[in-house]
1. Helices from the chain with mean Kyte-Doolittle at least -0.5 and a Cα length along the axis of 20 Å or more, per DSSP H: which?
2. Calculated FRET efficiency, Ser44 and Lys123, Cβ-Cβ r, R0 41 Å, to nearest 0.05?
3. Relative contact order of segment 1-141, please, whole-number percent, based on alpha carbon pairs below 8 angstrom and at least 6 residues apart.
4. Show me the three semi-axes of the equivalent ellipsoid for the chain, from the C-alpha gyration tensor (sqrt of 5 times each eigenvalue), largest first, rounded to whole Å.
5. Once amide H atoms are placed 1.01 Å from N in the peptide plane, what residues at a sequence separation of 5 or more from Thr2, or on another chain, have their amide H within under 5 Å of its amide H?
6. Put +1 on the Cβ of each Lys and Arg and -1 on the Cβ of each Asp and Glu in segment 1-68; which of Asn67, His47, Pro30 then has its Cα farthest toward the positive end of the dipole?
7. Once you've got the GNM for the chain with C-alpha springs shorter than 10 Å, pick whichever of Gly137, Gly90, Gly32 has the biggest mean-square fluctuation.
8. Could you name the aspartates and glutamates in cross-link range of Lys31, using Cα to Cα under 15 Å and dropping any fewer than eight places away on the same chain?
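Just so you know, all these numbers are worked out from the coordinates, no wet-lab data involved. Because the structure is a prediction, the values reported are computed rather than measured. Every residue, glycine as well, gets a Cβ built from its backbone with ideal geometry; the counts of neighbours run over all protein chains shown.
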Amino acid sequence: MTTLYLVRHGETIDNLAKTLQGQRQGELTPKGIAQMEELAMSLSDTHFDAIVSSDLKRAHDSALILNQKQNTNVRLTDLLRERDWGDFTGRFIPDLDGLPLPQNVEGMDSMLRRAKMFLEWIKANYPTGTVLAVGHGIINKAILAANSGKSASDIPDMTNAEYQVLEL
């Protein structure tokens, strides 16, 4: 059995500005860095056999901070990338209220397929042990939904630097 610690990256400049980041790289704020340092301290007694991260900068930077206490390799995967918001990417979130989704926004069905692929990838690559995975709000929600069999709409949003523990 594998224990998966699923983490959302620390606060970013775009989070603070209420800008829809999607698959933009993103930059941690000083608070985001502090959040990850605090999380690293709180998890310092937990041994991780592996650390995996989204290949987007904000998640990778978060994983590198968490790895300072672990001293292992951080493996990147695009399976943990955030939702592609298409034409909404980079827009001020309050301005989007009530607007129809553009055709080029990644659908939730696609997110759930990617989440299932990620869970299968973890089981295949790390069939036992404890893995820390750093992702993003919506892909993490999809992973939690895929693992529990619930609808993504039934899964609460994760805050920055929050983690959930899953048994796979």
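1. TM-like helix candidates: 108-125.
2. That pair, Ser44 with Lys123, gives E of 0.95.
3. 39 percent.
4. 25, 20, 12
5. Leu168
6. Most positive-ward Cα: Pro30.
7. Gly90
8. Glu11, Asp14, Asp61, Glu162
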